[in-house]
Amino acid sequence: MANSRSPATQHRPGTLEKREQILKAAVEIFGNKGSANGTLADVAEQVGMTHAGVLHHFGSKQKLLLEVLAYRDQADVAELAERHIPGGLELFLHLVRTAYVNAQRPGIVQAYTVLSSESVTDRHPGREYFEERYTTLRREVSEAFQELCANEGVADTEAIAAASAAILAVMDGLQLQWLLHPDIIDLGTASEFAIRAIVNGVLHPGPALEAHRR
């Protein structure tokens, strides 16, 4: 995954704490204003620093944006033993748990949603990150599906590829709906329903939609 940050062991404890404060402020600023309108001056003011102070820690706005994205990924796996998403059935259960956790951290979800949407524009600093992220996640979800399908005696390569992309799309799409209508959309429940439906649709496909015509 794209990560421009030097290893944490190269930073003194005080430096790591300040970087964490800056990242949390950046999540809020870029989540509310977007990467174009949110400025380093906004972030600096949030943490009681100067613009130059933020640059000292991250070098540029582009590098800070990429760090915000990496920060979101690290938060997703912080409690896992190997700090990496599991495989097989556990991967899908992890995705469900992540959706419920995301409902408790709107700032990170908002920053991710804004930056991921903006990444499709020309020369956006997060474009490479998101391309690599989706490529990696589709592969990992596909591998989890392959393990489940092998256990069930099912083999449908096309369905696995479509389902892997669909799970990522539905999770990101539900986050957007939830941010717009948090009182209507239950992010955890809706995500769990969708993931369960897609997994079951691969393992035990039902009739085609045309079969329901009357």
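Among the numbered criteria (1) of a type outside the set (Val, Ile, Thr); (2) part of a loop (DSSP other than H, G, I, E, B); (3) assigned by TED's automatic domain parsing to the domain that holds GLN21, which single criterion is violated by ARG123?
That leaves (3) as the condition not met.
Given the conditions (1) modelled with pLDDT under 90; (2) not assigned by TED's automatic domain parsing to the domain that holds SER191, and given that ALA111 satisfies all but one, which numbered condition is not satisfied?
With (1) modelled with pLDDT under 90; (2) not assigned by TED's automatic domain parsing to the domain that holds SER191 applied to ALA111, the lone miss is (2).
Scanning segment 193-214 for residues that are in contact with a Phe, Trp or Tyr (Cβ under 9 Å, 6 or more places away or on another chain) and over 18 Å from LEU137 (Cβ atoms), which turns out modelled with the highest pLDDT?
ARG196
Applying the selection to segment 12-39, what residues are in contact (Cβ under 8 Å) with a residue 12 or more places away in the chain and not in a helix (DSSP H, G or I)?
Within segment 12-39, GLY38, THR39 qualify.
Considering only residues that are free of Cβ contacts under 8 Å to residues at least 24 places away in the same chain and part of a loop (DSSP other than H, G, I, E, B), look in segment 140-162 and name the one that is surrounded by the most Cβ atoms within 10 Å (Cβ to Cβ). If you could, list the steps in order and put the result at the bottom.
Applying the first criterion (free of Cβ contacts under 8 Å to residues at least 24 places away in the same chain) to segment 140-162 yields 142, 146, 150-151, 153, 155, 157-158, 161-162.
If we keep only those that are part of a loop (DSSP other than H, G, I, E, B) too, we end up with 153, 155.
Values: GLY153: 7, ALA155: 10.
The selected residue is ALA155.
Kindly indicate which of GLU192, GLU210, GLU152, GLU147 is out of contact with any helix residue (DSSP H, G or I) (no Cβ under 9 Å at 6 or more places or on another chain) and among the charged types (D, E, K, R). Spell out how you get there, then give the answer.
Values: GLU192 fails: out of contact with any helix residue (DSSP H, G or I) (no Cβ under 9 Å at 6 or more places or on another chain); GLU152 fails: out of contact with any helix residue (DSSP H, G or I) (no Cβ under 9 Å at 6 or more places or on another chain); GLU147 fails: out of contact with any helix residue (DSSP H, G or I) (no Cβ under 9 Å at 6 or more places or on another chain).
Testing whether each residue is out of contact with any helix residue (DSSP H, G or I) (no Cβ under 9 Å at 6 or more places or on another chain) and among the charged types (D, E, K, R) leaves just GLU210.
Being in contact with a Ser or Thr (Cβ under 9 Å, 6 or more places away or on another chain) and either without any contact (Cβ under 8 Å) to a residue 60 or more places away in the chain or assigned by TED's automatic domain parsing to the domain that holds LYS24 (or both) narrows it down to one of LEU93, LEU137, so name that one. It would help to see each step written out before you state the result.
On the way: LEU93 fails: in contact with a Ser or Thr (Cβ under 9 Å, 6 or more places away or on another chain).
Of the residues listed, the single one that is in contact with a Ser or Thr (Cβ under 9 Å, 6 or more places away or on another chain) and either without any contact (Cβ under 8 Å) to a residue 60 or more places away in the chain or assigned by TED's automatic domain parsing to the domain that holds LYS24 (or both) is LEU137.
Look at GLU28 and say whether it is within 30 Å of THR189 (Cβ to Cβ) and either touching a Phe, Trp or Tyr at 6+ places or on another chain (Cβ under 7 Å) or of a type in the set (Asp, Glu) (or both).
Details: within 30 Å of THR189 (Cβ to Cβ): yes; either touching a Phe, Trp or Tyr at 6+ places or on another chain (Cβ under 7 Å) or of a type in the set (Asp, Glu) (or both): yes.
Spelling it out, GLU28 is indeed within 30 Å of THR189 (Cβ to Cβ) and either touching a Phe, Trp or Tyr at 6+ places or on another chain (Cβ under 7 Å) or of a type in the set (Asp, Glu) (or both).
Would you please name the residue that is farthest from ALA26 (Cα to Cα), looking only at residues in segment 108-121 that are surrounded by 17 or more Cβ atoms within 10 Å (Cβ to Cβ) and touching a Lys or Arg at 6+ places or on another chain (Cβ under 8 Å)? Don't jump to the end; show me each part of the working.
Initial filter on segment 108-121 (surrounded by 17 or more Cβ atoms within 10 Å (Cβ to Cβ)): 108-116, 118-119.
Applying the additional criterion that residues be touching a Lys or Arg at 6+ places or on another chain (Cβ under 8 Å) yields 108, 111-112, 119.
On the way: ILE108: 10, ALA111: 9, TYR112: 11, SER119: 17 Å.
That would be SER119.
Write out, first by first residue and then by second, each pair whose Cβ atoms fall under 7 Å of each other, whose residues are 6+ apart or on separate chains, and whose first residue, in segment 181-203, is under 16 Å from ALA144 (Cα atoms) and touching a residue at least 12 places away in the same chain (Cβ under 8 Å) while the second is among the small types (Gly, Ala, Ser) and in a helix (DSSP H, G or I).
ILE198/ALA163; ILE198/ALA166; GLY201/ALA163; VAL202/ALA159; VAL202/ALA163
Quick one: which helices (runs of 4 or more DSSP H) lie wholly within segment 40-112 and hold at least 1 residues that are within 14 Å of the chain's Cα centre (by Cα) and on the phi < 0 side of the Ramachandran plot? Break it down stepwise before answering.
Working: elements: 40-47, 51-58, 61-77, 88-102.
Result: 61-77, 88-102.
The values are calculated or read from the model by the stated rules, or taken from the named source; none is laboratory data. Because the structure is predicted, anything quoted here is derived from the model rather than measured. All Cβ positions, even for glycine, are placed from backbone atoms using ideal geometry, and neighbour counts span all protein chains on display.
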